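A short write-up of the structure that comes next.
The values are calculated or read from the model by the stated rules, or taken from the named source; none is laboratory data. Every value quoted in this text rests on a predicted model; they were computed, and no experiment measured them. With ideal geometry, Cβ positions are generated from the backbone for all residues, glycine too; neighbour counts draw on all protein chains shown. Accessible surface is based on the protein model in full, side chains and every heavy atom, while ligands, DNA and RNA are left aside. Shrake-Rupley method; radii C 1.70, N 1.55, O 1.52, S 1.80 Å.
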Amino acid sequence: ERGVLRARRGHFVGAREDFAAAGDAREARWNRAALAVLEALAVTPGLPAGDVLAAARAEAGEPSAYWSDPTIGRLLFSLVAERARARSPEGRAACADERVLRAAERELEFDTFWDRALTLHAYATLGMAADAARVAAPLAAECLEIAARQPCLGATRAAVWRDALAAARRSVEAAAPRAARDNLRVLETDAALARFRVPCARCATGSVGVDEVAEDGDGA
């Protein structure tokens, strides 16, 4: 814990000493790997050298695709985005942060929804419109395709939902995100969906949903 505090304050030598004595548990190995990335980024305007990242990945161990698990690629991209946000637009251009962010994106180990959402959020908040669109369009199309495959949409009464999803997909393919967003408003305003109620895929006439949500007294 002291090593983590030292690392956050930029006291890398002290953090390295603490982490060296922390054993070989997964958490300790991750802290040593993360420190190597953090320290390398502190002394370069670009990305750490390839051998530094390779050593950090070896120390951290096999990465996990689970959305909330730390990986060297996710840490690296987050730190580069954080550094870019701390500068003015003029400063970012002078330091080539946009180019560095694209390079950091290529270091991500996985292509999950959450990894792409991570990059999309960074590009959007930094005003990198072209990169945000590059990431957002295929991500939106994939999500719409998954939604369109849901069994409940085969029911006759779900025709309006099917039409909305199809229209949104066409808008995405036409690079018209605002139109796609408008196409989906019918789903947001549908009273049945507001209560998680969807047509039954088996009988196609009834519905399945949530009538009430309640917590018992002990919070279990």
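All conditions in (1) open to solvent by 20 Å² or more (accessible area, probe 1.4 Å); (2) touching a Cys at 6+ places or on another chain (Cβ under 9 Å) hold for residue 43, with the sole exception of (2).
Considering every residue within the range 150-159, establish whether at least one is farther than 26 Å from residue 130 by Cβ, within 25 Å of the chain's Cα centre (by Cα), in a helix (DSSP H, G or I) and at pLDDT below 95.
From the range 150-159, those farther than 26 Å from residue 130 by Cβ are 150-159; that's our starting set.
Remaining after also requiring within 25 Å of the chain's Cα centre (by Cα): 150.
Checking which are in a helix (DSSP H, G or I) leaves us with none.
Within the range 150-159, none of the residues are farther than 26 Å from residue 130 by Cβ, within 25 Å of the chain's Cα centre (by Cα), in a helix (DSSP H, G or I) and at pLDDT below 95.
Once the range 162-199 is narrowed to residues that are touching a residue at least 40 places away in the same chain (Cβ under 8 Å) and of a type in the set (Gly, Ala, Ser), the residue that is surrounded by the most Cβ atoms within 10 Å (Cβ to Cβ) is 180. The sole residue among 112, 119 that is in contact with a helix residue (DSSP H, G or I) (Cβ under 6 Å, 6 or more places away or on another chain) and within 15 Å of residue 77 (Cα to Cα) is 119.
Among what's in the range 84-120 and is assigned to a loop (DSSP other than H, G, I, E, B) and small (Gly, Ala, Ser), pick the residue that is surrounded by the fewest Cβ atoms within 10 Å (Cβ to Cβ). Within the range 84-120, the match that is surrounded by the fewest Cβ atoms within 10 Å (Cβ to Cβ) is 88.
Search the range 136-149 for residues being among the charged types (D, E, K, R) and in a helix (DSSP H, G or I), and hand back the single one that is surrounded by the most Cβ atoms within 10 Å (Cβ to Cβ). Checking each candidate, the answer is 142. The helices (runs of 4 or more DSSP H) found entirely in the range 1-42 that carry 2 or more residues being of a type in the set (Asp, Glu) are 12-20, 26-42. Of the candidates 61, 73, the single residue that is touching a residue at least 12 places away in the same chain (Cβ under 8 Å), open to solvent by less than 40 Å² (accessible area, probe 1.4 Å), over 29 Å from residue 125 (Cα atoms) and not hydrophobic (A, V, I, L, M, F, W, C) is 61.
Just to verify a result, which residue in the range 55-83, among those that are charged (D, E, K, R) and in a helix (DSSP H, G or I), is farthest from residue 118 (Cα to Cα)? Break it down stepwise before answering.
Step one: filter the range 55-83 for residues charged (D, E, K, R), giving 57, 59, 62, 69, 74, 82-83.
Filter once more, keeping what is in a helix (DSSP H, G or I): 57, 59, 74, 82-83.
Details: 57: 20, 59: 24, 74: 8, 82: 12, 83: 15 Å.
Taking the candidates together, the pick is 59.
The one condition from (1) in contact with a helix residue (DSSP H, G or I) (Cβ under 8 Å, 6 or more places away or on another chain); (2) in contact (Cβ under 8 Å) with a residue 40 or more places away in the chain that residue 52 does not meet is (2).
Considering 75, 101, 53, 79, which residue is farther than 17 Å from residue 8 by Cβ and either polar (S, T, N, Q) or within 20 Å of the chain's Cα centre (by Cα) (or both)?
101
Here is a check on your reading of the model: is residue 103 at pLDDT below 95 and small (Gly, Ala, Ser)? No: the conditions fail for residue 103.
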